[in-house]
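Read through the structure below, which is laid out as structure tokens, and then see the notes.
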Amino acid sequence: MKPNKHKATHSAEKEFGGALGWITLQSFLYLLPIGKVSEGLVLRDGSRLKYPINGFHALSITAVLLLVCLWLGMPLGYLFELILPLAVCAIGVSYLLSMYLYICSFWAPQHALSLGGNTGNPLYDFFMGRELNPRIGDFDLKYFCELRPGLIGWVVINLGMLMKEVELRGSPSLAMLLVNGFQLLYVTDALWNEEAVLTTMDIVHDGFGFMLAFGDLAWVPFTYGLQAMFLVVHPQSLSTLEAAGIILLNGIGYYIFRKSNSQKNQFRRDPTHKSVSHLETIATATGKRLLVSGWWGFVRHPNYLGDLLMALVWSLPCGMLHILPYFYVIYFTILLIHREARDEKQCRAKYGLAWDTYCRRVPYRIIPYIY
Ligand code: NDP
């Protein structure tokens, strides 16, 4: 028994080291002085934080490093066997990080605390996050975790599953290629449009606590990659027509998602820009205006609609006989319905009567005529 125990400890150390090594590599790429530097929205004390916009560079450099690893014969398919221990390590890292964040938040000035994560209930505040933008020097921990180690880790895991399929069956299946392609497009898009994350709820309103740390570092890479993991064990065959239909649906979802997000982001950054200046808006007491035409006049969260359509499409290459590949779309529907309700509450508190007028003008939340 003893040697086995020793072997297991040794292996756990290696996986924990691997997870930390991955985060260190992404931190190093984050710190590279490449790409532009952008300012976030104005904070409560009137200041604006600076953020490096080099996520796409980090993804590209990671891709080159992976190609070199593959060329050197590194068995990336081995990630399939490592999924569970790596997931446990990621959970461990997110716990440690959240504890660090919680403790450090007691030294943060009052204006740097989030409005939602300071109830005085330690468990709730630990979960929601007390500090809004915790930093080590210029290194913004929430912004870094939001789009780097977990999101890039997700597509690396997908690639590992594809390589496992190659090991087992000689070549990747069409279903695996579609899942990898769609999710790579989604991650690449998020990093290409990295600046847009600066106006999202996570960055603007939410504190950085266990909810976001666990979500970003453990939940995203290890549950969002379920379709590719499923395909390793349950190979699926797809006709060209089925594949074409699935690609078309993904294209529609992506179009709605990208166009609506870009429209709101552009409007918030510069309402006089020619791509948004013609849109109808309503005034609010805060001085900010709300869009009531264009994508945001179609439903109140058109970006969620596109995102949900894509989530469904990613499961389709896995067939209809198993619930597991549909886990993501089911969970994501619940998450976005809850998120939408949270956002409505915040917007109603912020914009009062103007928000009610907007809701009357645009009665559906996410799906026209349904919800
Ligand atoms: P949104 O980008 O939808 O931002 C909501 C904010 O937009 C509101 O608080 C309000 O802020 C502003 N807003 C709302 N209505 C209007 C309007 N009519 N005109 C102008 N501004 C308006 O929030 P999220 O951060 O939830 O989503 C961003 C993207 O990230 C989405 O595409 C979502 O699907 C995706 N996402 C993906 C996740 C994943 O795990 N894959 C998880 C969460 C989100 P204000 O007025 O203060 O500017």
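Given a Förster distance of 30 angstrom, what is the FRET efficiency for His273 paired with Thr223, based on the Cβ-Cβ distance and rounded to 0.05?
0.20
So if each residue of separation counts as 0.36 nm, and I subtract the Cα-Cα distance between Thr119 and Ala244, what length gain in nm does that give?
39.9 nm
Using per-residue counts of other Cβ atoms within 10 Å, averaged over each peptide, order 263-269, 37-43 from highest down.
263-269, 37-43
Quickly rank 145-157, 70-82, 51-63, 350-362 as a protection proxy: mean count of other C-beta atoms within 10 Å, highest first.
Descending mean neighbour count gives 145-157, 51-63, 350-362, 70-82.
Please state the charge dipole magnitude for region 21-130, taken about the Cα centre, from unit charges on C-beta atoms (+1 on K and R, -1 on D and E), reported in debye and rounded to the nearest 20.
Charge dipole of region 21-130: 280 debye, to the nearest 20.
Convex hull volume of the Cα atoms in region 152-253, per residue, in Å³?
Details: hull volume 10.8 nm³, N = 102.
Cα convex hull per residue, to the nearest whole number: 106 Å³.
Working with all protein chains in place, sort Glu280, Glu165 by solvent-accessible area computed with a 1.4 Å probe, largest first.
Glu280, Glu165
At 0.890 mPa s and 25 °C, plugging the Kirkwood radius over alpha-carbon pairs of region 250-302 into Stokes-Einstein gives what diffusion coefficient in µm²/s?
213 µm²/s
Given the chain, what count of lysine pairs have C-alpha atoms under 19 Å apart, with each pair 8 or more places apart or on different chains?
Number of lysine pairs found: 13.
Skip the ligands, DNA and RNA, and give the accessible area per residue of the chain with a 1.4 Å probe, whole Å².
Result: 50 Å² of accessible area for each residue.
Using 0.36 nm per residue of separation minus the Cα-Cα distance, give me the extension gain between Trp192 and Thr286 in nm, one decimal.
So the extension gain works out to 30.7 nm.
Given 0.36 nm per residue, what is the gain on full extension from Cys104 to Arg339 after removing their alpha carbon distance, in nm?
Length difference between fully extended and current span is 81.9 nm.
Report the local net charge at Ser60: Lys and Arg +1, Asp and Glu -1, summed over other residues whose C-beta lies under 15 Å from its C-beta.
In short, -1.
Between the helical axis of 174-192 and the dominant principal axis of the chain, each derived from Cα atoms, what acute angle in degrees is found, rounded to the nearest 10?
The angle comes out at about 40 degrees.
Ignoring ligands, DNA and RNA, please state the percent of accessible area on the chain from carbon and sulfur, probe 1.4 Å.
69 percent
In whole angstrom, how long is each semi-axis of the equivalent ellipsoid of region 13-172, when you take the square root of 5 times every eigenvalue of its Cα gyration tensor and sort them from largest down?
Three semi-axes, in Å: 35, 20, 12.
Along the positive direction of the dipole of region 234-371 (beta-carbon charges: Lys, Arg +1; Asp, Glu -1; about the Cα centre), which of Met310, Asn261, Ala354 reaches farthest?
Of the options given, the answer is Ala354.
Can you tell me, using C-alpha contacts under 8 Å and at least 6 residues apart, the relative contact order of region 44-189 as a whole percent?
Numbers: 97 pairs, mean separation 40.1, N = 146.
That works out to 27 percent.
Could you compute Rg(Cα) / (2.2 N^0.38 Å) for region 279-371, with N its residue count?
So the Cα radius of gyration is 1.29 times the expected 2.2 N^0.38 Å.
Based on DSSP H runs of at least 4 residues, each adding -39500 (n - 2.57), what is the mean residue ellipticity at 222 nm of the chain after dividing by all its residues, to the nearest 500 deg cm²/dmol?
Mean residue ellipticity, 222 nm, calculated: -20000 deg cm²/dmol.
Please give the direction-averaged projected area of the C-alpha convex hull for the chain, in square nanometres with one decimal.
That works out to 21.8 nm².
Per-residue counts of other Cβ atoms within 10 Å, averaged by peptide: what ranking do you get for 215-226, 103-114, highest first? Mind dumping the intermediate values first?
Working: 215-226: 22.2, 103-114: 14.1.
Packing order, densest peptide first, comes out as 215-226, 103-114.
The values are calculated or read from the model by the stated rules, or taken from the named source; none is laboratory data. On a predicted model such as this, the values are computed, not experimentally measured, just so you know. So basically every Cβ, Gly included, is an ideal-geometry build from the backbone, and we count neighbours across all protein chains shown. Side chains are part of the model used for accessible areas, which takes the heavy atoms of the whole protein and leaves out ligands, DNA and RNA. Shrake-Rupley method; radii C 1.70, N 1.55, O 1.52, S 1.80 Å.
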